[in-house]
1. Which number in (1) touching a Lys or Arg at 6+ places or on another chain (Cβ under 7 Å); (2) over 20 Å from F364 (Cβ atoms); (3) among the basic types (K, R) marks the one condition that R234 misses?
2. So how many residues does region 259-290 have that are among the charged types (D, E, K, R) and under 28 Å from the mean Cα position of the chain (by Cα)?
3. Within region 286-302, count every residue that is touching a residue at least 60 places away in the same chain (Cβ under 8 Å) and either touching a Cys at 6+ places or on another chain (Cβ under 9 Å) or assigned to a helix (DSSP H, G or I) (or both).
4. Which of the residues that make up region 143-189 are of a type in the set (G, A, S) and either open to solvent by 10 Å² or more (accessible area, probe 1.4 Å) or over 22 Å from A129 (Cβ atoms) (or both)?
5. From the list V204, V208, exactly one residue is over 30 Å from the mean Cα position of the chain (by Cα) and among the hydrophobic types (A, V, I, L, M, F, W, C). Which is it?
6. Do we have F291 as among the aromatic types (F, W, Y), surrounded by fewer than 19 Cβ atoms within 10 Å (Cβ to Cβ), within 19 Å of T127 (Cα to Cα) and modelled with pLDDT of 95 or more here?
7. For region 118-235, give me every one of the strands (runs of 3 or more DSSP E) that falls completely inside it and has 3 or more residues that are at pLDDT below 95 and of a type in the set (A, V, I, L, M, F, W, C).
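The values are calculated or read from the model by the stated rules, or taken from the named source; none is laboratory data. Being a predicted model, the structure only gives us computed values, none of them experimental. FYI the Cβ positions are ideal-geometry reconstructions off the backbone, even for glycines, and counts take in every protein chain you see. Heads up: the accessible areas ignore ligands, DNA and RNA and are worked out on the full protein's heavy atoms, side chains in. Shrake-Rupley method; radii C 1.70, N 1.55, O 1.52, S 1.80 Å.
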Amino acid sequence: MAYRVLGRAGPPQPRRARRLLFAFTLSLSCTYLCYSFLCCCDDLGRSRLLGAPRCLRGPSPSGQKLLQKSLPCDPHGPTPSEPSAPSAPAAAVPAPRLSGSNHSGSPKLGTKRLPQALIVGVKKGGTRAVLEFIRVHPDVRALGTEPHFFDRNYGRGLDWYRSLMPRTLETQITLEKTPSYFVTQEAPRRIFNMSRDTKLIVVVRNPVTRAISDYTQTLSKKPDIPTFEGLSFRNRSLGLVDVSWNAIRIGMYALHLESWLRYFPLAQIHFVSGERLITDPAGEMGRVQDFLGIKRFITDKHFYFNKTKGFPCLKKTESNLLPRCLGKSKGRTHVQIDPEVIDQLREFYRPYNIKFYETVGQDFRWE
């Protein structure tokens, strides 16, 4: 009898052990599932808080097909199809820049700013020389090319214009040069709308000499154009000058200046003499630096006169390993013009020159 009891009591022991092992395993599985679910929710919560899209974190061999149909993780924020999430604290997410602000970029490298000063004219007056000379100054950063924003590319907007500019520090001036601005009717108003404090530099030159230089440049590109005399006059015997020809019209400085004085005071416009820029580059650039409100860094030590080209060039300095002169397109030998034609044009420009002298308070002695 005792044997039967012991015999019946003996077999249940393995089954009870198996039940206990199953219960323990099930408990561990549930615990793991709960922990995984909590971690997943926490990660999802953080993603939603920071405005990040839900996405796959990386490929896995078993989930390759699913990965192909899922969005990859984008650490930079929500996709365009998703609404923007609420802003995070300033310490975690930097505030977005306003498109109308006057800067962009990293403070360490400097920022791109709208120019505080412009060389607005005139063509063939010496604007390239002024630009290259002023770029030597450590407090000036200038755009090397002509953006033609205020005459040809205004529709692209100020953000596009700013993107072209070199990066500058807070202590530096951003400057650009486009000589055609001076004769563009809309340019003064457009520049004023950008900033009424913009400083303007105008490089002027004897209008007759300037017109001949302009023609010489055009002739080098289009050898089949009419003669200088033919383009200058509607009727030479009557002395009727053709003011529709741009090379003639640009030299009517007093006429163009009227448009600028409607928006900018005379004190905000500085006139550089193209002739003195050749004979006394340090003196002219000294006055440009004074106008810009920067130290007179560019002096006589920066220049030497190049007899071949007929104008001053920059000397070798600590920052410039080689002397620098303007390119081959500068200093061309002018086309020979009949002296009588020159005299007729001088008479034509005389009243415009006198009015210009009186307006700006300088006698450029072009007669």
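1. (1)
2. 4
3. Qualifying residue count for the region: 5.
4. If the condition is that a residue be of a type in the set (G, A, S) and either open to solvent by 10 Å² or more (accessible area, probe 1.4 Å) or over 22 Å from A129 (Cβ atoms) (or both), then G144, G155, G157, S163, S180 are the ones that fit.
5. Checking each option against the conditions leaves just V208.
6. yes
7. Because the criterion is at least 3 residues that are at pLDDT below 95 and of a type in the set (A, V, I, L, M, F, W, C), no strands (runs of 3 or more DSSP E) in region 118-235 meet it.
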